[in-house]
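The values are calculated or read from the model by the stated rules, or taken from the named source; none is laboratory data. Everything numeric here is computed off the predicted structure, so don't read it as measured data. Cβ coordinates were reconstructed from backbone atoms using ideal geometry, including for glycine residues, and neighbour counts include every protein chain displayed. Just the protein is used for accessible areas: all its heavy atoms, side chains included, with ligands, DNA and RNA removed. Shrake-Rupley method; radii C 1.70, N 1.55, O 1.52, S 1.80 Å.
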Amino acid sequence: MISATTFGGADIDTQLIAKSTFLVIDDFLGMRGMLSSVLRNCGANPKSIDTASNGPEAIQQLAKRRYDIVLCDFNLGAGQNGMQVLEEAKHKSLIGPSCCWIMVTAEKTVDTVMGTAEVQPDAYLIKPVTEAVLTARIAKIKAKKEAFVDIDRAISARDFLKAIRLCEERAAVDKANAIELLRIKCDLQMQSGQSDKARQTYEKILAARDVPWAQLGLARIHQQAGRHDAACQLLEQLIEQNRSYLDAYDSLAESYQALGENEKAETILDRAVALSPNSHSRQRIIGELALKTGKLDRAEKAFRKTLKLAEHSVRKTPDAYLGLARTVGAKADPQEALNVLNQMDKLFDNDEVRLRSKSVEGYVYHQNGLARQAAEAARDLASMLDRSSVRPEPLATREMAELLLVAGNRDKGLALLRTEVMNNPDDVRTVDAVQAIFRKVGLADEGSNLVETSRKEAGELMNAGILLARDGNYTDAIERMRAALERMPRNVRLLLNAAHIMLSYMERDGSQAALLRETKRNLLAANQLSPSEPRFVELMQRLEALQGR
Amino acid sequence: MSHLPKPDASLFLASSVHDMKNSISVLQDTIRRLLAKAAPDESGEYHEMSQMLYETQRINGNLIQLLTLYKFGHDLYPFNPETQEIAEFARSAVSHVTPLLTSRQIGLEVELEDDCYWEFDTDLVNGIVVHAMNNAVQYTKDALRLQIETVDDALEIRIEDNGRGFPQHMVDDGIAAMRGVNFSTGSTGLGLYFAAVVAQMHGNRKERGSIRLENGGKLGGGCFILRLP
């Protein structure tokens, strides 16, 4: 039993506060004064406390001085909100991993607490903030940062196996963070093709308590395996019990779309927007869905909203511009589409965006019957493809191919589609999508022929290497695999088989530093393309064993 | 007014409460600092300041509860249970009432189960505990007690005082009697209703959370008990 007065002051590391630097960001003068006085009462040196009243001011201060602790109001009036200031500070590397960023809010909302932003503050505090709460929270964040530093490092190096081991070690001794560590561990297992192990953990947790993230985890396992019906059932139930769990809404919308239930996907996304109106990525998904179902007015509205919401964010992406350009193009306004693309080109300076921009431009011309301009865009696109080795994600690449096929550069278009099939020879959806393009441009027979020969060629190229390896001729086998990867750099099976052959070679004849690096690159590339691939872990373990020697 | 749509207060509820809370936070902080500087004496001023602090804390608590209930009703509240170290939770809750207790020379006993962690929505439960302690200050003679421990697979948070206790009908009727305004006692029932709703939101497997009132306890006065499975 303890008395109130000594109790309030327990466990406070005054040293930690006394030597720290602070930035207080709040648009309200009274609050800035109050938070500064709370900090002084906690033992902060008045000279170590700076203040800022809005985003740009805060960024300026952060660029000038290193702060250990930032207290930031979420609501900063017009302009950037607290989350966007944090995003920009992270993006510009103005704060390091040891900086404690504490978001102060007047009220708890879905947006402030569960914003889907990838950047999260270290803590949220609800006003009023007392000295005891603040000091306890700072001490807790510091301890957690120390505990997680190795794990975070392993995760950013995409060293999943090590990160999982560290989570297990830590969870055994750290009761306060045990649940969080378990959640991270399951995420890592899902990302490294070990969904079986993650499922066992989720089920064990759920046997004892109703834990929403474990339920979501089970649903995601269904999704990975393509069992969208089962996923929908779980997710509908989960949302019924947890009305503000936004991640569940987004997952459910994905599964509805996979099942072709676009109306339902639309409804569930609208409900998520009502809960959290400020997510630009969700608005973009709504726009893409509406464009797909031909609801052009709705699509335009959603894309424009996306751009507006992302206006002050450093994390804008070109997708909403591309979507908007396609939408207004489909509404027979090619001039406006061009304006949108021009705006985008000014903001993003890289090959991928340039390729996609040109491709959408040509498509819009074609769609509006402007054959000459479409042919010109296709020609430009073809020469850009010659100069750059960058290839956008599959959907955008298929769109480029379609333009090239309809607007006169047939060989280039065929080559792109051939590579697409060779990258995914066993994926029904890719093959269907490619066939659909051929049907659309009136080349159905040619399409079937190309798909057949591409699949055959992909198999032959890979098998040539495998047969050589089987005979123990590893050096030639590796050469063949490298040549095959030149032709189909995103073929997951090929990447894994190449890694397997390289590992077998080194297991027999000893490690080589350059080959170890090449093997790891192939494995990580395969994992990024297909996180659920179970062979990844086994191959990674063999790689680790070789590195350890 | 004719061109405006039918008035809807809920449009302004969130933003106004937000705004009012900023003002109250500053006000509360000022009073706390004035109280800390002033010597506790028998003078009327000190007592009045202490009463002001009590009133601002009550307003703050009520505002949060109203806004939160509005959000519950519209599925807008981000309910997120997290693992919480009980000692830290208690320290934080107590810190919100310490200035008031000190100014009224009310003692506080805290008894916690050692090495205890539990999962609940920290902000909601903190709100209930602070509000309950604040409320008990008005009815106690000179002592409060906060006790947190696990009882039959649930966490029980008890707030006890050494006042005259709750009227017997409140203890008997349970939460059924906790609604409706009682102008004679100044109680709107909001606090208890809010606590009951929040308790219900917490649950595990088949059991839901609950609240109850008792008289007696270790201090012999009123006891408010929040049970979270």
Practice task
Over all directions, average the projected area of the Cα convex hull of the stretch A:296-382 and note it in nm².
Solution key: 5.3
Fill in the blank from the handout: Once phi for every residue in the stretch A:366-372 is put through the Karplus expression 6.51 cos²θ - 1.76 cosθ + 1.60 (θ = phi - 60°), the whole-Hz ³J(HN,Hα) values, with Gly and Pro written as x, are 4, 4, 9, x, 8, 4, 4
Exercise for the section: Give, ordered by residue number, each residue of the stretch B:108-149 whose 1.4 Å probe accessible area is reduced by a minimum of 20 Å² on adding the remaining protein chains to the chain alone. Expected result: B:LEU108, B:GLU109, B:VAL110, B:GLU111, B:ASP115, B:TYR117, B:GLU119, B:ASP123
Fill in the blank from the handout: For chain A, longest principal axis from Cα atoms; helix A:444-470 axis from its Cα atoms; angle between them, nearest 10 degrees, is 70
Problem - Relative contact order, percent, chain A [alpha-carbon distance under 8 Å, six or more residues apart] - result: 8
Problem - Sequence-distant residues sharing a close amide H with A:THR51 (under 5 Å, placed H) - result: A:VAL24
Exercise for the section: Please report, in Å, the Rg and the Dmax of chain B, where both are computed over Cα atoms only. Expected result: 18.5, 64
Handout entry: Cα-based Rg of the stretch A:361-463 normalised by 2.2 N^0.38 Å, two decimals
Key = 1.07
Exercise for the section: Please quote Rg/Rh for the protein assembly as shown to two decimal places, taking the Kirkwood radius as Rh and restricting both calculations to Cα atoms. Expected result: 1.02
Completion exercise
Taking the square root of 5λ for each eigenvalue of the C-alpha gyration tensor of the stretch A:268-313, the equivalent ellipsoid has semi-axes, largest first and in whole angstrom, of 17, 13, 7
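What's the magnitude of the charge dipole for chain A around its Cα centre, counting Lys and Arg as +1 and Asp and Glu as -1 at the beta-carbon? Answer in Debye, nearest 20.
In total the dipole reaches around 740 debye.
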Exercise for the section: With the full set of protein chains in place, find how many percent of the accessible area of the stretch B:28-96 is carbon and sulfur; take the probe as 1.4 Å. Expected result: 56
Handout entry: Cβ-defined net charge surrounding A:ASP297, 13 Å radius [Lys, Arg +1; Asp, Glu -1]
Key = +4
Problem - Phi-based couplings in Hz for the stretch A:421-438 (Karplus 6.51, -1.76, 1.60; Gly and Pro marked x) - result: 5, 5, 5, 10, x, 9, 8, 4, 5, 4, 4, 4, 4, 5, 4, 4, 4, 4
Fill in the blank from the handout: Taking Cα atoms only, helix A:82-91 is inclined relative to the longest principal axis of chain A by an angle, in degrees rounded to 10, of 60
Problem - Loss of accessible area when A meets B, both sides summed, Å² nearest 100, probe 1.4 Å - result: 4000
Practice task
Quick one: among B:PHE194, B:PHE120, B:PHE79, which has the greatest mean-square fluctuation in a GNM of chain B with alpha-carbon springs under 10 angstrom?
Solution key: B:PHE79
Fill in the blank from the handout: Heavy-atom accessible area with a 1.4 angstrom probe orders A:VAL340, B:VAL26, most exposed first, as B:VAL26, A:VAL340
Problem - Computed label-point distance, nm, for sites A:ARG508 and A:ARG455 using a 7 Å Cα→Cβ extension - result: 3.2
Exercise for the section: Would you list the membrane-span-like helices of chain B, meaning whole DSSP H runs whose alpha-carbon atoms span at least 15 Å along their axis and whose mean Kyte-Doolittle value is at least 1.6? Expected result: B:190-201
Handout entry: Spin-label zone in the stretch A:252-266 - amide nitrogen under 18 Å from a point set 7 Å from the Cα of A:ALA436 along the C-beta vector
Key = A:254-266
Handout entry: Scattering profile of the stretch A:141-271 at q = 0.09, 0.17, 0.19 Å⁻¹ [log10 I(q)/I(0), Debye over alpha-carbon scatterers]
Key = -0.30, -0.93, -1.06
Problem - Size-normalised alpha-carbon gyration radius of the stretch A:445-546, reference 2.2 N^0.38 Å - result: 1.11
Exercise for the section: Calculate one ³J(HN,Hα) per residue across the stretch A:344-358 by plugging θ = phi - 60° into the Karplus curve 6.51 cos²θ - 1.76 cosθ + 1.60, and present them in order as whole Hz with x for glycine and proline. Expected result: 5, 4, 6, 8, 10, 10, 7, 4, 4, 5, 4, 4, 5, 4, 5
Practice task
Can you work out the accessible area per residue across the protein assembly as shown, with the rest of the protein chains kept in place, probe 1.4 Å, in square angstrom?
Solution key: 47
Exercise for the section: Restricting things to alpha carbons, find the Rg to Rh ratio for the stretch A:30-117 using the Kirkwood radius for Rh. Expected result: 0.94
Practice task
Enter the angle in degrees (range 0 to 90, nearest 10) between the Cα long axis of helix A:160-173 and the first principal axis of the Cα atoms of chain A, meaning the one along which they spread out most.
Solution key: 30
Exercise for the section: Roll a 1.4 angstrom probe over the protein heavy atoms and tell me the percent of accessible area of chain A that is carbon or sulfur. Expected result: 49
Handout entry: Separation of alpha-carbon centers, the stretch A:461-525 and the stretch B:1-79, rounded to whole Å
Key = 67
Problem - Pairwise label distance in nanometres, A:ARG227 with A:LYS292, each label 7 Å out on the Cα-Cβ vector - result: 2.3
Exercise for the section: Please calculate the 1.4 Å probe accessible area of B:TRP118, with all protein chains present, and give it to the nearest 10 Å². Expected result: 40
Fill in the blank from the handout: One can check that the equivalent ellipsoid of the stretch A:31-72, built from the alpha-carbon gyration tensor with semi-axes equal to the square roots of five times its eigenvalues, has lengths in Å, largest first, of 18, 12, 7
Fill in the blank from the handout: Buried by partner chains in the stretch A:130-166 (accessible area down by at least 10 Å² vs chain alone, 1.4 Å probe, heavy atoms, protein only) are A:THR130, A:ALA132, A:VAL133, A:ALA136, A:ARG137, A:LYS140
